[in-house]
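Remarks on the structure that follows.
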Amino acid sequence: MLAIIASTIVISCKKNDTEPAPNPNLTGSLEVEFENFVGTQKFAFGTTYTNPNTNETFTPSMLRYFITNIELKASNGTIFTVPQNDSYFLIDQEKPESLKFTLNSIPEGDYNEISFTIGVDSLRNTKPVGERTGNLDISGTAQGMYWSWNSGYIFVKFEGSSPQSTAVDQKYRYHIGGFGGYSSKTINCVRKKTLSFGKDVAKVRTNAAPTVHLITDVMKLFNGSTQLKIADNNTVMFSPFGINIANNYVDMFSYDHVHND
Amino acid sequence: MKYIFYVGILILGACKQQPQEPQIQFQNPSNFPEPHYNLSRNPVTTEGFKLGKMLFFDSILSRDGTISCGSCHIQSSAFTQHGHDLSHGIDDQLTLRNAPPIMNLAWQKEFFWDGGVFDLDLFALAPIEAHNEMDESIANVLNKLRKHPKYPQMFERAFGTSEITLDRFLKALSQFQLMAISANSKYDKYIRNEGVTLTTDELAGLELFKVKCSSCHQGELFTDLSYRNNGMIPQRFKLNGIDTIDTGRERITLNPNDQFKFKVPSLRNVEITRPYMHNGSLRTLEQVLDHYQTGVKDHPTLDPVLKQNGKLGIDLTNDEKKKIIEFLKTLTDEEFLKNPILSEENP
C-alpha cells in the first residue's frame, strides 16, 4: 500500500519534471508552417475568387514567396537569430513540402514572437553564386525567382488569370523584387514582418518540437494601403509600383496558432 | 625598358615529344590598372579555361541547339556580332541592343549597356534564359551537361569534381571570357615603349582625343565605366513585333535622371566593331565623329560635357576628326583578334 502511494508520488513528481524550465544550453527544433488563403477561403489553383473591394475576379495559377532571415523571441526577451546560411526559404504553393520548414539548433525556450524578411536581403543578393546554394540556387529551388538581366531575386511571384485583365492572354502577373540597387540606388521591396503569438508560446525543448502555424492571405496583396486593381495594373514587375505592392504584401501574414506536442 | 609582352598567356616550353599544350595564366598588362574581377575567387587555370571555352562555343546552351555564345560574339570582330545592328538570336529573333565586345572584362564593374548585371559570374544566365537569345532554362542546361559524354570529365579536371553545379559552370565561362584580353595594339606597344612609334597624324589624333574625348573614354581601357547620355536619343521601334523604347540605365535604377544613359564603351578594337552605339545605329567611325560634331541631341539628361556654354556637341574640324579616327585605328589589336588560344577553330 505504502509502496503504491510512494510510486504515485514519484510518478506525479515525474510528471512535473516533464515540463522543467527551459535549459538554454540545450537545443531543439521548431517547425514553421504557412497556409495560403484568399480572404477567408483556402488558396487553391484553378479556383476563382472575388475581391469584395473591387468586385474583380481572379483565378490564381502561381504563388511563390521568399521567407528569410528568421528570428524568434522568447517570452523572457531573449532573441534567437537563425544562422544566416540556414535562413532562406521559398514558399511555393505548387510544392506542398515547401509550405513547412524546420528550424534546428534553437536554444530551449518559450517563444512567443517570430520575425522574418519577405524577400532576399541586399547582402545575400550580392554574394558570389557559390554562396547562394540550397533554396537560393537559381538553377534549382529558386529557378524562375531571379532576374538575370537585372541581377536580383524576385521576392514574390503571384500569377493567374482574370477577366478584368486587359492583357492579351487575360493574365495578371506580379513579380515583385528589388533589393535597393548595387552601385546605384533603386527600389527596395525587402520587407520585415514581426508576428506575436499573443498569449501562446511555442515551447522548444530537446524532446519537443512545436509547430507555429501562420496564414498568408493573398487578398491583402490587392487590398492594402494601395488598392491594386487588375484592370489598372495587370502586370507589375521591376517598377516603382512594385513598392506599393510590397507595402501591401507585408500585411498578408498573420499568426494563427501553435501546436506544442 | 624593353621586354616581350604576351597577352596574358604564357606558352611554357613543354616536352618536345608531346604537342605543346599552352598553359593558361591571367596576367595583368603592365599599362592596365588592377582588375576589378576577384581572381582569387576564381583563379584561371588551363583546365578551367578549356572547359569555359568549350561551353562558350557550344550550342548545347540554347533550347534547340542552334545558338552558342560564340554565334553573337565572334572573335575576328572582337567578339561582337559583326555587321548586325541588333543581334540575332534563336528563331532569328532580334535582341534589344547591339552586342558589345567580350574583351578586357576583368576590368569592367558592371555588364550590359545598362549595367544590369554586377558580376561577370552572373552574366551567362541572362543570354541563356532570354527568350530572344538562347531561350533555355539554366537547370536544363546543367542537366544536359551532366548527361554529356565529355563535360563531367572536363569539370572533374577543372574543379576536381565531376559534379556540375551552377557555380562551377558560371566560373568556367568566366575563365574563358577573362582571358579575352586585348592589350597588344599598336597604341599599347607605343605606350609601353616596345619600339613602336605612331605617325604624326596618329599622335596628333591621340592628343586631340585626350582633350575632346577622354573625359568619358578615360584611361587605358578608354572608359570611365560610367553611364552617360551622349546625345544619341533612342527612338521608339518595334522589337519582334512589340513597341519598344530603350531607356538605358533607367531600366535598372528606375531613376528618371538615368534615362537614355548607357555605359561608356571601351574603344579598343573600335575599327572593327561596327556598327556603333547601343543600338548599332551608326555604321562608320566617320558617322560617329559627325555625331559628336553636329548630331548631338539635347535632352535633360544629356551629359554636360556635350553642352558647354549652351553649345551642343564637341568642337571639331574635319581635319581633327580624321586625325582622331587615325588614332582610334591604332587601338586595333591583331594579336587579340587572331589569338589561336581564343579561337573556336582551335579547341
Alpha carbon convex hull of segment A:124-189, volume per residue in cubic angstrom: 114
Using distinct alpha-carbon pairs, which all enter the 1/r mean, Kirkwood radius of segment B:259-347 in Å: 15.1
Distance (nanometres) between label positions extended 7 Å along Cα→Cβ at residue B:322 and residue A:213: 8.6
Per-q log10 I(q)/I(0), chain B, q = 0.10, 0.14 Å⁻¹ (Debye; single scatterer per alpha-carbon; no solvent): -0.64, -1.22
Projected area averaged over orientations for segment B:186-331, convex hull of C-alpha atoms, nm²: 9.5
Quotient of C-alpha Rg and 2.2 N^0.38 Å, computed over segment A:134-261: 1.27
FRET efficiency estimate (nearest 0.05) - Cβ-Cβ, residue B:146 to residue B:237, R0 51 angstrom: 0.80
Prolate/oblate/rounded label for segment B:114-156 (Cα gyration tensor, a/c 1.5): oblate
Relative contact order of chain B, pairs being alpha-carbon contacts under 8 Å that are 6 or more residues apart, as %: 20
Shape of the protein assembly as shown, Cα gyration tensor, a/c cut at 1.5: prolate
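Set the Förster radius R0 to 30 Å, insert the Cβ-Cβ distance between residue B:287 and residue A:185 as r into 1/(1 + (r/R0)^6), and round the FRET efficiency to 0.05.
0.25
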Distance between modelled label sites at residue B:23 and residue A:78, nm, 7 Å Cα→Cβ extension: 5.6
GNM result for chain A, Cα springs below 10 Å: residue of A:85, A:125, A:76 fluctuating most strongly: A:76
Proximal lysines relative to residue A:203, as straight alpha-carbon distance under 26 Å, when same-chain residues fewer than 8 apart are discounted: A:14, A:15, A:73, A:100, A:192, A:193
Computed [θ] at 222 nm, helices only, for chain A once each DSSP H run of length n ≥ 4 contributes -39500 (n - 2.57): -3500 deg cm²/dmol
Fraction in percent of alpha-carbon pairs per bin - 10 Å, segment B:161-258: 11, 23, 24, 28, 13, 2
Pair residue A:42, residue B:193: separation of 7 Å Cα→Cβ label points (nm): 8.1
Residue among A:201, A:215, B:193 farthest towards the positive dipole end of the protein assembly as shown, charges placed on Cβ: B:193
Sequence-distant lysines (8 or more away, or on other chains) whose Cα lies within less than 22 Å of residue B:212: B:186, B:261, B:263, B:297, B:307, B:311, B:321, B:322, B:323, B:329
Chain A - Kirkwood radius from inverse mean 1/r over Cα pairs (Å): 20.1
Residues of segment B:123-162 with amide N under 18 Å of a point placed 7 Å along Cα→Cβ from residue B:66: B:127-137
Positive-pole candidate from A:138, A:122, A:168, dipole of segment A:93-199, charges at beta carbon: A:168
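Bear in mind these aren't lab numbers, they're just calculated from the coordinates by the rules spelled out. None of the values given here were measured: they were computed from a predicted structure. FYI the Cβ positions are ideal-geometry reconstructions off the backbone, even for glycines, and counts take in every protein chain you see.
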